[in-house]
Amino acid sequence: MSRILRYGMVGGGQNAFIGDAHRRAISLDRSAKLVAGCFSRSYENTCATGEELHVEKERLYHTYEEMAEKESAREDGIDFVCIVTPNYAHYGACKAFLEAGIHVSCDKPLTTTLEEARELEELAKKKGLLFMVTYGYSGHIACKHIRQMIERGDIGEVRMVAGEYIQGWLAGDDITGNKQGEWRTDPKLSGKSNCLGDIGTHIENTVARMTGLKIKKVLANMEIKVPSRVLDDNDMVMVKYDNGASGLYWSSQITIGSDNSLRVRIYGTKGSISWFQEEPEKIQVANEDGTVTEIHRGHDCIYPEAAKYTRLPSGHPEGWFEAMGNLYRSFTACISAKEDGTFTEDMIDYPTVLDGVEGLAFLEACLASSEEGNVWKDMEE
């Protein structure tokens, strides 16, 4: 049996949502233990967080640069780092740990520019390190099953995709005191985009991992609906794929009444598939003959490539934590295999640094399209 891996975290201090979510997801399979951290720009916050999480004081760091240097020098240093900071810090933190020879897991979007993302991709390749970008929805068993359905030709060739990810939490003008909203709408912390970078890239990645299609061109309309904003909060993107199929993506954070409404509909030559993130264990499949089937996770109809991630019997809901945990299950298994010399590329079943690069290529093409008057723009290779 492989040993329990050691990991560190950058970001995720007190009152931070996503860091705590990652820690809980990692803990599901007990494959890794948190032993080090630079949880905040405030060392006081880092120490308070470390105390809560039972991390030894000597492994709480003032900066991520210090953490990368000292952990890489320890005989019992971390096997991987989990980076859960606001977007602006992703590049620097990822680079520091890659240069120190440490595997990386980073929240999306990977960086704030395509150039930085490509640099990290090359660095990971040069160092021979594993690099996961945590597009969490691809970890759902239903999404993995849909991927197998499309690969096997169950609905024929894909012709059309409709994806939407809509929320209402930033519909108001005053978000004072809303920590998550404040940094996402600040270009110094978030980058050139708020809504499309934050949730629109989830549509792009979820569709890509389900269908295997590559985007060739986009036409984007990125809007600011709340007058006080400087970054987009409502986006519509038309897409053309490499196989000739078309797509339509809508992401919004101003749709009152919507919670976390990620939907994907995929239309093929022999049928269609519909999946809704708020009911993630169900897949609706429509066939040419007019029959409509609802597939549920936890039953024998789920293809084995997806079913192997099942944790609970049918009717005992598996949700977002389990989906994120599934990504870490594959990531930590790959790290362990690297350690014992049994790793092969086909073991990877999580979004990689390449997914992160493609997300930035999509975002930058959309930004250019919108800024130039809603024109078609090619995706950079």
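The values are calculated or read from the model by the stated rules, or taken from the named source; none is laboratory data. These numbers come from a predicted model, not from an experiment. We place every Cβ from the backbone using ideal geometry, glycine too, and count neighbours over all the protein chains shown. Keep in mind that these areas ignore ligands, DNA and RNA; they rest on the heavy atoms of the full protein, side chains included. Shrake-Rupley method; radii C 1.70, N 1.55, O 1.52, S 1.80 Å.
Find out how many positive minus negative residues lie around Thr293, taking Lys and Arg as positive, Asp and Glu as negative, among other residues whose Cβ is under 12 Å from that of Thr293.
Summing Lys and Arg as +1 and Asp and Glu as -1 gives -2.
Could you give me D for the chain, from Stokes-Einstein at 4 °C and 1.567 mPa s, where the hydrodynamic radius is the Kirkwood radius over C-alpha pairs? Units µm² s⁻¹, please.
61 µm²/s
Using DSSP to define loop residues, name the GluC sites (Glu not before Pro) in region 13-118 whose beta-carbon has at most 13 other beta-carbon atoms within 10 Å.
Those satisfying the criteria are Glu56, Glu75.
Show the residues, 5+ positions off or on another chain, whose built amide H is closer than 5 Å to the amide H of Ile155.
Those qualifying (amide H under 5 Å, at least 5 residues apart or on another chain) number zero.
Under 10 °C and 1.306 mPa s, how fast does region 58-176 diffuse according to Stokes-Einstein, given a Kirkwood radius computed over C-alpha pairs? Answer in µm²/s, whole number.
92 µm²/s
Provide Rg and Dmax in Å for region 139-198, with only Cα atoms included in the calculation.
Final numbers for Rg and Dmax: 17.9, 49 Å.
Which of the GluC sites (Glu not before Pro) found in region 134-180 are loop residues per DSSP with 12 or fewer other Cβ atoms within 10 Å of their Cβ?
Glu157
As an exercise, identify the trypsin sites (Lys or Arg not before Pro) in region 200-247 lying in DSSP coil whose Cβ has no more than 15 other Cβ atoms within 10 Å.
Hits after loop and neighbour filter: Lys214, Lys225.
Please compute the per residue accessible area over the chain with all protein chains in place, 1.4 Å probe, rounded to a whole number of Å².
44 Å²
Would you mind calculating the relative contact order of region 24-173 from Cα pairs under 8 angstrom and at least 6 residues apart, reporting the percent as a whole number?
About 14 percent, as a whole number.
When the accessible area of region 94-163 is split by element with a 1.4 Å probe, what percent falls to carbon and sulfur?
42 percent
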